[in-house]
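Rule-based calculations on the coordinates, nothing more; no lab input. All figures in this text were calculated on a predicted structure; none of them were measured in a lab. Methodologically, a virtual Cβ is constructed for each residue, glycine included, from the backbone with ideal geometry; neighbour enumeration extends over all protein chains shown.
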Amino acid sequence: MSANENEMLGNFELRRQGVVTRRDVLMMGAVAATSLSVNALSAGAAPESAAAVVTKDPYVAKDFSALVTKNMDGLSGNQIEPHLKLYKGYVGKANEIYNLLKTVDLTSANATYSPLRELLMEQSFAVNGMIYHEFYFGNLGGSGGDPGGEVKAALDERFGSTGKFMDFLKAAGKSMRGWVVVGYNTRGNHIDTFGLDMHNMWSPQNVVPLLVLDVYEHAYMIDYGIDRAKYLNAFAKNLDWQAVEKRLAATKKLVNGGDSTI
Ligand SMILES: [Fe+2]
């Protein structure tokens with residue numbers, strides 16, 4: 001599969017190759033505008049400072065390939081492998097948008113449509129698509145059961161027990177179309193949960209993700225068809241609580257406990 005195909009996969013979770021969508025059309029506009037801008041540069045018509053623009057890729061895909069061969073109970077390598085390709089597509093698009101934002105035409109800025117508006121909007125889709133997948137794959141591959149230490153204490157405080165929390169998590173997984181995120185609210189110093197139907201919808205600020213559950217159909221259809229409940233049970237069995245504990249410990253080490261509203 002070519003890099004371009006990967007990117008297209010990553011931009012649309014379940015799209016078929018060759019289908020051109022509204023986002024494609026808008027991105028083409030952004031690319032075309034950038035191309036015009038570059039042409040203007042070469043013609044000597046651009047501002048002097050634009051000549052210093054350097055293209056670089058700030059994001060590098062993390063390696064979660066060990067999950068493919070781990071023989072997880074209920075989550076096959078056949079399920080994980082294409083999911084990792086989707087993830088890499090988001091990394092590619094996040095880099096692409098990062099660079100396009102350096103050279104995009106600013107003179108056409110418009111709140112109905114403009115290349116700049118489109119890039120600013122889709123940036124959150126691509127970056128969140130990348131980051132949420134990294135949290136998700138990073139908290140897979142464990143042995144489920146109960147958390148320890150501060151995570152258990154924090155969940156008990158909010159939900160009463162780990163069992164009640166897991167009931168909530170699975171119900172939340174049935175309620176959303178994209179993600180369920182369990183995070184540490186650095187503003188209120190407590191565990192919070194939120195759900196998203198798309199990568200860039202409904203993320204509260206200053207809630208640091210600790211445990212992320214992907215409930216897009218692509219996360220389980222190969223193993224379970226449309227039976228999401230079975231997938232949620234499999235996710236629970238393979239949850240890596242140690243990863244969640246490390247994330248909470250790291251969050252609490254942040255200056256001011258991670259509260260950046262100072
Ligand atoms: Fe996913």
*In this model, which of LYS62/LYS88; LYS70/LYS237; LYS56/LYS93; LYS170/LYS252; LYS152/LYS246 are farther than 18 Å apart at the alpha-carbon?*
LYS170/LYS252
_Hypothetical label at ALA236: residues of segment 175-192 whose amide nitrogen lies under 20 Å (7 Å Cα-Cβ projection)_ = 175-183, 192
*Between ALA249 and LEU101, 0.36 nm times their residue separation minus their Cα-Cα distance comes to what?*
49.8 nm
*Relative to the present Cα-Cα distance, how much length would full extension add between THR162 and GLU217 at 0.36 nm per residue of separation?*
17.2 nm
_Using only the alpha carbons of segment 149-258, what is the convex hull's orientation-averaged projected area in square nanometres?_
6.8
*Around ILE191, which amide H atoms from residues at least 5 apart in sequence, or from another chain, sit under 5 Å from its own amide H, with H modelled in the peptide plane?*
ASN185
*Using the per-residue mean of other Cβ atoms lying within 10 Å as a proxy for protection, in what order, highest first, do the peptides 233-244, 207-218 fall?*
207-218, 233-244
_In sequence order, calculated HN-Hα J values of segment 199-206 (Karplus, 6.51, -1.76, 1.60; Hz; x Gly/Pro)_ = 4, 10, 10, 6, 8, x, 6, 6
